[in-house]
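Encoded as structure tokens, the structure appears first; notes follow it.
The values are calculated or read from the model by the stated rules, or taken from the named source; none is laboratory data. Treat the numbers as computed from the prediction; the structure is a model and nothing was measured. Note: ideal-geometry Cβ built from the backbone for every residue, glycine included; neighbour counts use all protein chains shown. These area figures cover heavy atoms from the full protein model, side chains too; ligands, DNA and RNA do not enter into them. Shrake-Rupley method; radii C 1.70, N 1.55, O 1.52, S 1.80 Å.
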Amino acid sequence: MKNYLKKGMIMKKLLAAVLVSIFLMVQGCSPVREVRTVSPDGTLELAVEKGNDGLAYRLTVDGIEVMNYDDISITIDGVEYPGQAKIKDIKRTAIDNEVIPTVATVSTKIQEKCNDTLIGFDGAVALRVRVYDDGAAFRWESNIDKNVTVNAEELGFTFAKDYQTYYPKPSVREFFSHQECMFEHLKISETADKETVCVPVLVELDGDKNILMTDVNVSGYPGLWVKGSGELTLQSAFPHYPAQTQLNGDRSLKISKFSDFLAKTDGKRSYPWRAFVVTDDAGLLTSTMLYSLADECKLKDTSWIKPGKVSWDWWNAWNITDMEYKAGINQETYKNYIDFAAKNKLQYIILDEGWSIRGPDTLLTVVPQLNIAKLVEYGRERNVGVILWMTSVALERNFDKAFKQFDEWGIKGLKVDFMQRDDQVMMDFCEKVARTAAEHKLIVDFHGGSKPTGLQRTYPNVLTHESLLGLEQSKWSKNANPDMAVLLPFIRMVVGPMDYTPGAMDNYTDEKFVKAYKNPGSLGTRCHQLAMYVAYLSPLQMLADTPTKYRKNPECMPFLQAVPTTWDETVVLEAEIGNVVAIARRNGEKWFVGALTDWNGRELTLKLDFLGKGNYTLNYWADGPNAADEATDTTIGKSEVTAGSDLKIKLAPGGGYAAILEPVKDN
């Protein structure tokens, strides 16, 4: 009886072994393998699953799966990676580094803390994963000893639920865009019939967390776009490599024919990060994860890079009405801008469109009313630098001659406009501009093109980008409004500095606003404009209005003179996406506070426990009692506070609040 039972057990084990063998044969003899990377605090997990036919990823937040498995791959020279290749090795590293930004924005020190996993496969490609306490990212890395063609990248974003998203609404069709977007508050399933859109895209999870999706280190590669599927997936899309281009007018270089591949590039490289910032509303305002992911600074000498404020001409249409000469694009007008900048401690002026003959081949043909060299010298004597505007087409066609001429003139920076694309060719051009400008010790302001993807760290002479619906919109629309103003910090500003160009002195309620191209004003209150200088990050910050209007409103100038453009420390006081933002930022011993609301008036009580010991003098600019009807109405006051004080403020509809706090010095 015992022998019979023994034989029976042996037969069962053999049968089980056979079944397992059959199963493995069906599965291609390659069982599923999952590699998990967890954040240092254990709240986030990005898992990568290797099956028989490919690779997939998922994202878990606080133990809840928020993004389901979605396939990822990259096809290089016609070979899809990793394909059926098995995982060869896994290397894990805990990263805990102090990063000192060359140009400080959120703070002067960043603690980069994350867990890094490098997953190697049989073959030439690996996948690197990094998970931070406030986000996660992954990227492909290849080790092919030749130049290669990237044919395609498979990438989707499949969510576990039909979450709400702030879905960009572009003004033009896909892949040719200034990336200046409105936002629609939609469920993921409602995005199917929408245009393909550029990132960043913000998704609201259950509870208090959000996911902001974007890309970082877009070098030698196109930028990331997404398209709704009608279900719970946002599918990636990429502008393919240009096969033919056509110049429309003097500045719009459109792609008339795309190639059937994404990029031509070095086979030994890392590809762009696919990044997910995962945090609450306040965390979006202080996250430095994307900066940490960007390549380190490539410049040996950065001592010449000077952030600052700019007296800007184009928005105010040269409307200087308190000078003895005819205002316009001429020497005396720009001397007036320089004098205004010098008197008010501004570091730069910009000569926007009109200083040279319009056209792609006439960048260096200066209009006869101007002498750039003499204007630069006039500014140098007053410690005011000159920045010149140009289209990307004009700069590209005159590239070497232009930089030689810029050196001879002695200008301090470039404002490069109308890129309107983020295919590989255009992204390579932007990097070339940044690199070459650095060689000539020139700062850069990119307008009319891609959002920031890390150049601000790699080439810190790139001080700011536009890629948003900024104040210029008020010349022809109502797009630059208080509702938009309290969305931008939580979406666009997360990816990098933004050149909103604030500073309007003519301010209007929604009912009284009239768009005016040559004498524009802003929607919202005067203090709404002032608060942007604290709330919005841009190491190069514009004063958009005419010197005449600032001279007519001298009560605003002590704040505009004092407010810096870089920051040692940031504290979020109030944050609610699309509703309100209040931020305190420190530069040296002084703290600055900026608060913005949407079209709803509100009262806030702000804690001042971020202050140091002792008493502080509070100088403030607040919405006046009549600001809901007359948006210029401003109350200016002064008081003394401590870290134990509560700051009670009342914001008018479309209102704002700006303040300077300075330690009281003992006599």
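Numbers below:
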quantity	calculated
Label-to-label distance, nm, for residues given as GLU65 and ASN143 (7 Å Cα→Cβ offset)	3.2
Largest to smallest accessible area among GLU472, GLU377 [probe 1.4 Å]	GLU377, GLU472
Solvent-accessible heavy-atom area per residue, rounded to whole Å², over segment 293-417 at 1.4 Å	45
Anchor LYS300: lysines whose Cα lies under 22 Å away (excluding residues fewer than 8 positions away in-chain)	LYS109, LYS404, LYS412, LYS432, LYS441
Placed amide H near ASP417: partners under 5 Å, 5+ positions off or other chain	MET390, THR391, SER392, HIS447
Count of lysine pairs in segment 547-667 with Cα separation under 18 Å (8 or more residues apart, or interchain)	11
Under 21 Å from the Cα of LYS50 - lysines, other chains or at least 8 residues apart	LYS86, LYS88, LYS91
Solvent-accessible heavy-atom area per residue, rounded to whole Å², over segment 535-638 at 1.4 Å	36
Relative contact order (percent, whole number), the chain, Cα cutoff 8 Å, 6+ residue spacing	11
Solvent-accessible area, 1.4 Å probe, carbon plus sulfur percent, for the chain	48
The chain: antiparallel DSSP beta bridges as a percent of all, rounded to 5	85
Between 0 and 90°, nearest 10: helix 2-26 axis offset from the chain longest Cα axis	40
Burial ranking of peptide ranges 460-471, 546-557, 629-640 (average Cβ count within 10 Å, highest at the top)	460-471, 546-557, 629-640
Under 5 Å, built H, 5+ apart or other chain: amide partners of GLN541	GLY308, LYS309, VAL310
Residues with amide H under 5 Å from that of LEU205, placed H, sequence gap 5 or more	ASN210, ILE211
Directionally averaged shadow of segment 302-422, computed from the convex hull of its alpha-carbon atoms, nm²	8.3
Karplus-derived HN-Hα couplings along segment 50-58 (A = 6.51, B = -1.76, C = 1.60, θ = phi - 60°), whole Hz, x at Gly and Pro	9, x, 5, 9, x, 10, 9, 9, 8
Degrees, to the nearest 10: 424-439 long Cα axis against longest axis of the chain	50
Per-residue ³J(HN,Hα) for segment 63-77, Karplus 6.51 cos²θ - 1.76 cosθ + 1.60, θ = phi - 60°, Hz, x for Gly and Pro	x, 10, 6, 9, 10, 7, 4, 9, 6, 9, 6, 9, 10, 10, 6
Tilt relative to the chain, helix 331-343 - C-alpha long axis, 0 to 90 degrees, to 10	80
Listed peptides 514-524, 341-351 by packing density, highest first (mean Cβ within 10 Å)	341-351, 514-524
Calculated from backbone phi, Karplus (6.51, -1.76, 1.60) coupling profile of segment 260-274 in Hz, x at Gly/Pro	9, 9, 8, 7, 10, 7, 5, x, 9, 6, 10, 9, x, 6, 9
Extended-chain gain in nm, criterion 0.36 nm per residue less alpha-carbon gap, THR617 and THR93	183.9 nm
